[in-house]
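K.L.:
Mind having a look at this structure? Questions to follow.
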Amino acid sequence: MRIILYTFLFTFWLIACGDNDPSSPQDSDISSTESSSSKKSSSSQKKNSSTKEKSSSSKAKSSSSKAKSSSSAKQSSSSAKQSSSSVQSSSSVFLFKIENDDMILDLKQMKVTDKRDGHIYDVEVREDSTVHMIQPINHEIPESTWCFNDYPANCERYGRLYKWDMRTQGIGTRNYCNSVLTNPCPTGWIRDKNGTKGFYGGYRTSSGQYKGFDKVQIYWSNKAAKTMESNQDCSKDIYIGIFYKDSTYANQVPTDWDSWEGVQLNRYNAVNIHCAWKNKLKPPEGTVFPKPDFEFPDNTLKNTRERPFEDYEQLEDERDGFVYDVVTIGNQTWMTQNLRFEIENSYRSPNSRNIYLGLYYDWEDAHNYYADDSLVWPIQGVCPNGWHIPTLAEWNTLFNYVKEQNNGHYIRKTLTSTRKWGNVEPAGTNTYGFEVIPSSYVYVEDGRVRSPFLSAKVLFMVSGDGYTFSDAAIAFEPPEEDVEPYLYHWPYTYDSKIKPNIRCVKGQGTRGIQIPYED
């Protein structure tokens, strides 16, 4: 009814004003349609005209006064025909606004409003007459969507990250898969892998790492792989559209390049979704759409100042005399070097005797913990008096502070030393003086202490907050991986267990170890 009413009003305005400009914007559906109200009006007028002509013709024979009436009727008929012709010339009407239960699309403003959550997106009309949202969609689907670095403002700037939906029914070993990802786009819009290039907002890996910020932009396609069909075994890969800011980064994204139909990505990754209007536009010739008023987010790292050495304070461990640099970051004070206090089950790297790499510790021994103990957090353990092993909450406090200073990004880069790490130099900016160095980790296998090369990931011990983390540590990946720090879990076996470094944080703790270990 809304379209019919808009068309009727538009037709009436044309008749009254004599304006036949087909490019005049109208508020209605986005299509080039024939007006049903115009057709009905024209047809009705023709019938009335024809009836009046017949009536006036027969009555003209019996009376001269009726002949005058016939002449008047003919003039009315002629006027009606001219009006009908005018209506028919405007029967193809281009409509500049559409509204449904989910959204309002306004091509005068080049905006679409998502009525479900209030988000407003800029739109563009491309050369092939398709309408696209510029920003990736930011509509939340519980338990299947994330903001980069778990920082809400990143959803506003770069769109939400979506994992492909897979439903398992548990019928034997057979999976029942959903071949179509739950569509977060409003009604009337479809997913399109040809999203807007230029955000480079990164993605979330299948193991929960945030990766590729300012390097890559990935969009799910509207199409699943051939084997990803309902009631069939699940294909591991889904088609994507992918843009690289620098082509050298291409080998960092684990895509399947062997598919002749396009690039594919594992469905457990979470990437952006781009929404496009389901139909092409058919605007009148000469129609010019406004340019959207839009700017890409600024991904530049604002604070790249290296923390000067004179900003560091010093701490002497009274147990063994080692001196550590310490630094205050936000409302926390941290050691800027890996702990070197030796206990019975502490380890040196077999790849290096450099004491500044620190020692590597078993979780239980570092916490002075035995299986039947009741722990009171935080735990001093192997740390100096007045310091303790940081809990997961305290690591997250550090990371959240850095995110707040850098618009939700660059945790690894700003906490990493400027020295060389693998083939990358400088490895980071050391903005806050935290000085993560490529110290790697060690593990015990078959009674032997082993370690990856020093260019591998660095692991830091995590204490608990009501529970233990004996099989997990905070991981900093090598710079070329471009992964933000995350909680890394490893498989636990009796004869193989990873030993991380320790960075102590200031604050009293329990269960301190006071006596240095002696051979």
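The values are calculated or read from the model by the stated rules, or taken from the named source; none is laboratory data. Please read all numbers here as calculations on a predicted model, not as lab measurements. So basically every Cβ, Gly included, is an ideal-geometry build from the backbone, and we count neighbours across all protein chains shown.
K.L.:
Which one of these is aliphatic (A, V, I, L, M) and either in a loop (DSSP other than H, G, I, E, B) or surrounded by fewer than 19 Cβ atoms within 10 Å (Cβ to Cβ) (or both): V444, V402?
P.N.:
V444
K.L.:
Go through segment 409-418 and report how many residues are touching a residue at least 24 places away in the same chain (Cβ under 8 Å), in a loop (DSSP other than H, G, I, E, B) and in contact with a Pro (Cβ under 9 Å, 6 or more places away or on another chain).
P.N.:
1
K.L.:
I'm told T168 meets every condition in (1) at pLDDT below 85; (2) of a type in the set (V, I, T); (3) over 30 Å from Y486 (Cβ atoms) except one. Can you identify the failing condition by its number?
P.N.:
Result: T168 passes all but (3).
K.L.:
Could you say whether any residue in segment 491-502 is part of a loop (DSSP other than H, G, I, E, B) and at pLDDT 90 or above?
P.N.:
Within segment 491-502 (the criterion being part of a loop (DSSP other than H, G, I, E, B) and at pLDDT 90 or above), the answer is yes, since at least one residue qualifies.
K.L.:
Exactly one of these conditions fails for V462: (1) surrounded by fewer than 19 Cβ atoms within 10 Å (Cβ to Cβ); (2) under 19 Å from W490 (Cβ atoms); (3) not small (G, A, S). Give me its number.
P.N.:
All conditions are met except number (1).
K.L.:
Could I ask something else about it? If you scan segment 105-158, which residues turn out to be among the acidic types (D, E) and under 19 Å from the mean Cα position of the chain (by Cα)?
P.N.:
Answer for segment 105-158, where residues must be among the acidic types (D, E) and under 19 Å from the mean Cα position of the chain (by Cα): D114, D117, D122, E140, E143, D150, E156.
K.L.:
Now a separate question. For segment 419-438, indicate whether the set of residues that are in contact with a Lys or Arg (Cβ under 8 Å, 6 or more places away or on another chain), part of a loop (DSSP other than H, G, I, E, B), modelled with pLDDT under 95 and more than 25 Å from Q314 (Cβ to Cβ) is non-empty.
P.N.:
yes
K.L.:
How many residues does segment 171-191 hold that are under 15 Å from the mean Cα position of the chain (by Cα) and modelled with pLDDT of 90 or more?
P.N.:
Count: 3.
K.L.:
Let me ask another. Hey, could you check segment 235-254 for residues that are part of a helix (DSSP H, G or I) and touching a Gly at 6+ places or on another chain (Cβ under 9 Å) and say which is nearest to Y268 (Cα to Cα)?
P.N.:
Step by step, filter segment 235-254, then rank; the result is Q252.
K.L.:
Counting only residues that are assigned to a loop (DSSP other than H, G, I, E, B) and touching a residue at least 12 places away in the same chain (Cβ under 8 Å), which one in segment 310-330 is nearest to N400 (Cα to Cα)?
P.N.:
Among those that are assigned to a loop (DSSP other than H, G, I, E, B) and touching a residue at least 12 places away in the same chain (Cβ under 8 Å), it is G330.
K.L.:
Here is a further query. Inside segment 419-455, can you point out the residues that are in contact (Cβ under 8 Å) with a residue 40 or more places away in the chain and of a type in the set (K, R)?
P.N.:
R450
K.L.:
Turning to a different aspect of this structure: Just give me the residues in segment 343-363 being free of Cβ contacts under 8 Å to residues at least 60 places away in the same chain and closer than 18 Å to P384 by Cα, in sequence order.
P.N.:
N345, I355
K.L.:
Can we say W387 is under 18 Å from Q514 (Cβ atoms) and assigned by TED's automatic domain parsing to the domain that holds S451?
P.N.:
Taking the combined requirement at face value, the residue satisfies it.
K.L.:
Here is a further query. For segment 456-479, which residues satisfy the criterion of being under 20 Å from G202 (Cα atoms), touching a Ser or Thr at 6+ places or on another chain (Cβ under 9 Å) and either touching a residue at least 60 places away in the same chain (Cβ under 8 Å) or assigned by TED's automatic domain parsing to the domain that holds F148 (or both)?
P.N.:
F476, P479
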